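Accompanying notes for the structure given below.
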Amino acid sequence: MPSVVFDVVGTCFSYDNGAEALQARLGHKLAKYGIPTKLLFYAWVCGTERDYSYLSQIKQYKPFFEILSNTLTRVLFQAGIPAEDLEGFFTAEDVEYIREEYKKLKPRPGLKEMMQTLREGGFEVWCCSDANVDRVKGYFDHAGVEMPLDHVLSADTVKAGKPEPAVYKFAREKAGSDQPGEVSVFAASHAWDIAAAKSAGFLTAYTTTYELDPCESIFGTADLVTPDLVSLGKGIVEKWGKK
């Protein structure tokens, strides 16, 4: 059976809850420095992703949310808030609130329809995330989208973080797709994720719903590029489904 392995956070679910929580707690303070809340939040998330990946590469793996919870001060400083103004700028309760709200990810438009299209098209659907298994299962359950627990793959299992090859090798082996002649697609909205998956032997499907610009001169060209989740599901079935 052909299979599709999805990235979860950013692809199937948006980051918007976290940005909204940051606005609720610190938006009025950030406004005094002319710092847009959404921009600050994405800088925080992207910095966390970088540190998560770098620590994994040097074999000092730390869970994503542990890093996120401990790096807000440096992000605020890098955004232009003077060091002397940072004392008391936020509390541990602020960070906890933002983190926990961020975990309540919202499904991207078309998620349920895309999954239905793929399953009706004969694809076995998996997902692979840096988040732990129970949390990812909760995302799908909350969105009312079927995702069997044994089809949720976490990088925590191999104590490595994306985009390390070990994560994609694990995904191919667990999805039962690392066999000659089998169709095995990795789908994501992060161009770096797509590049890593292609290096591991996956066919690749990229949606511009998160990054807009695929930056092909940097990350290479995915086998399929679509603007949203609905067209992603349809495109995968049309391109690789059983005729």
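Things worth noting here:
- Residue match in the stretch 60-76 (condition: more than 16 Å from Arg135 (Cβ to Cβ), modelled with pLDDT of 95 or more and assigned to a loop (DSSP other than H, G, I, E, B)): yes
- Among (1) in contact with a Gly (Cβ under 8 Å, 6 or more places away or on another chain); (2) open to solvent by 50 Å² or more (accessible area, probe 1.4 Å), the one test that Asp141 misses: (1)
- Residue match in the stretch 193-202 (condition: surrounded by 19 or more Cβ atoms within 10 Å (Cβ to Cβ) and part of a strand (DSSP E or B)): no
- When Glu87, Glu49, Glu96 are checked against the criterion of being open to solvent by 60 Å² or more (accessible area, probe 1.4 Å), closer than 25 Å to Ala143 by Cβ and not assigned by the TED database to the domain that holds Asp7, a single residue qualifies: Glu96.
- Any hit, the stretch 203-214, residues being open to solvent by 40 Å² or more (accessible area, probe 1.4 Å) and either within 13 Å of Arg172 (Cα to Cα) or not assigned by the TED database to the domain that holds Phe170 (or both): yes
- Here is the figure for the stretch 5-30: residues that are open to solvent by less than 10 Å² (accessible area, probe 1.4 Å), over 13 Å from the mean Cα position of the chain (by Cα) and not aliphatic (A, V, I, L, M) total 2.
- Failed criterion for Tyr42 (all others in (1) within 20 Å of Thr157 (Cβ to Cβ); (2) open to solvent by 20 Å² or more (accessible area, probe 1.4 Å) hold): (1)
- Pairing each residue of the stretch 145-174 that is farther than 24 Å from Ala191 by Cβ with any residue that is of a type outside the set (Ser, Thr, Tyr) and open to solvent by 10 Å² or more (accessible area, probe 1.4 Å), provided the two are 6+ apart or on different chains, yields C-beta distances under 6 Å for Val145/Lys112; Leu149/Lys137; His151/Trp126.
The values are calculated or read from the model by the stated rules, or taken from the named source; none is laboratory data. A quick note: this is a predicted structure, and the numbers were derived from the prediction, not measured. Neighbour counts run over all protein chains shown; Cβ positions are idealised from the backbone, glycine included. Quick note on the areas: whole protein, heavy atoms, side chains included, nothing else; ligands and nucleic acids left out. Shrake-Rupley method; radii C 1.70, N 1.55, O 1.52, S 1.80 Å.
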